[in-house]
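Structure record follows, encoded as structure tokens.
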Amino acid sequence: MSEAGKETTIFQLADQFIALANELSGKEQDVSKVGTALRFAASRFNAFEAAIKSSDLAAEKDAALEWFSKEYKDMLNDNLEDHIKNPPVSQAEKTEEPA
């Protein structure tokens, strides 16, 4: 297998974050709290990413906000469309016996 074939994809990395979020949601019993924490963590890490890539973050702040916001909006739109087409099944629905 080539070196490129061994690289972790963004989807594999995202799945690791989602697995942790699911685990925390189970422990906290609060999807909204975990979602808010995940968004905060993403914003903190993205700000760090922008800072280390920029030679003048103050001058590039608006462009960074625009770029990260567009990226997030596009990704969120794709995932909302996926959930519209494939609604998630709740735990209650999984455990209900067929009529």
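The values are calculated or read from the model by the stated rules, or taken from the named source; none is laboratory data. Because the structure is predicted, anything quoted here is derived from the model rather than measured. Note that each Cβ is placed from the backbone with ideal geometry, even for glycine, and that neighbours are counted across all protein chains shown. The area values use the complete protein model at the heavy-atom level, side chains included, leaving out ligands, DNA and RNA. Shrake-Rupley method; radii C 1.70, N 1.55, O 1.52, S 1.80 Å.
Of the options Ala19, Thr8, Ile52, report the single residue whose Cα projects farthest towards the positive end of the charge dipole of the chain (beta-carbon charges: Lys, Arg +1; Asp, Glu -1).
Result: Ile52, furthest along the dipole toward the positive end.
Among Asn79, Asn22, Asn46, whose mean-square fluctuation peaks in a Gaussian network model of the chain (Cα, cutoff 10 Å)?
Among Asn79, Asn22, Asn46, the largest mean-square fluctuation in the Gaussian network model of the chain belongs to Asn79.
Using a Cα distance threshold of under 28 Å, what count of lysine pairs results for the chain when pairs must be 8 or more residues apart or interchain?
Value for the chain: 15.
Using θ = phi - 60° and the Karplus curve 6.51 cos²θ - 1.76 cosθ + 1.60, what whole-Hz ³J(HN,Hα) does each residue of region 20-29 get, with Gly and Pro shown as x?
In residue order, the calculated couplings are 5, 4, 5, 4, 5, 4, x, 5, 7, 6 Hz.
How large are Rg and Dmax for the chain when calculated on the C-alpha trace, in angstrom?
18.0, 64
Suppose all protein chains stay in the model; what accessible area per residue would a 1.4 Å probe give for the chain, in Å²? All intermediate terms of the calculation are to be shown ahead of the outcome.
Values: 8990 Å² over 99 residues.
With the other protein chains kept in place, the chain gives 91 Å² per residue.
Using θ = phi - 60° and the Karplus form 6.51 cos²θ - 1.76 cosθ + 1.60, what ³J(HN,Hα) does each residue of region 45-52 get, whole Hz, x for Gly and Pro?
Each residue of region 45-52 in turn: 5, 5, 5, 4, 4, 4, 5, 6 Hz.
If I model a spin label as a point 7 Å beyond the Cα along the Cα-Cβ vector, how far apart are those points for Asn22 and Thr36 in nm?
Reported label-point gap for Asn22 and Thr36 is 2.4 nm.
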